[in-house]
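Taking it in order: structure first as structure tokens, then the write-up.
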Amino acid sequence: QVQLVESGGGLVQPGGSLRLSCAASGFTFSTYAMSWYRQAPGKERDLVASITNTGVTNYADSVKGRFTISRTNAKNTVYLQMNSLKPEDTAVYYCSTFKLRRYWGQGTQVTVSS
């Protein structure tokens, strides 16, 4: 079965950086697009970034130039490098893929605060 396990969240000051990781299993990782979503308290879950199986990336306007999504197929892992973090980036971040239906990880909390 599809499993997605996120790690790397935490508390960081404004302007700081974090790198999220998502370890995937239960499917042929290299053939599927992967995405990062986030959900702030009281808000909907929104797409942050996605990467196709061939490495084509897409970003939400709010994170362009600050976040970078990447993948290492040999490790079945997708990453989200987050730089120049802002308080409004505070949210639970979820890794996701679509294989007949959308799958989600358990999420990792990112808090940007001084």
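The figures follow:
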| item | result |
| --- | --- |
| Choice from T52, T72, T90 with maximal GNM fluctuation in the chain (Cα, 10 Å cutoff) | T72 |
| Gaussian network model of the chain, Cα within-10 Å springs - most flexible of Y79, Y94, Y103 | Y103 |
| Size of charge dipole - region 5-114 - debye, nearest 20, with Cβ of Lys, Arg +1 and Asp, Glu -1, no other charges | 240 |
| Amide proton proximity set for N53, modelled H, under 5 Å, gap of 5+ | A33 |
| Proximal lysines relative to K64, as straight alpha-carbon distance under 19 Å, when same-chain residues fewer than 8 apart are discounted | K86 |
| For region 1-103, fraction of C-alpha pairs farther apart than 17 Å, in % | 49 |
| Test item: Cα-centred dipole of region 68-114, Lys/Arg +1 and Asp/Glu -1 on Cβ, debye | 340 |
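Throughout, read-outs are computed from the coordinates displayed, never taken from laboratory work. The structure presented is a predicted model; accordingly, all values stated were derived computationally and were not measured. Positions of Cβ are backbone-derived with ideal geometry, glycine not excepted, and every protein chain shown enters the neighbour counts.
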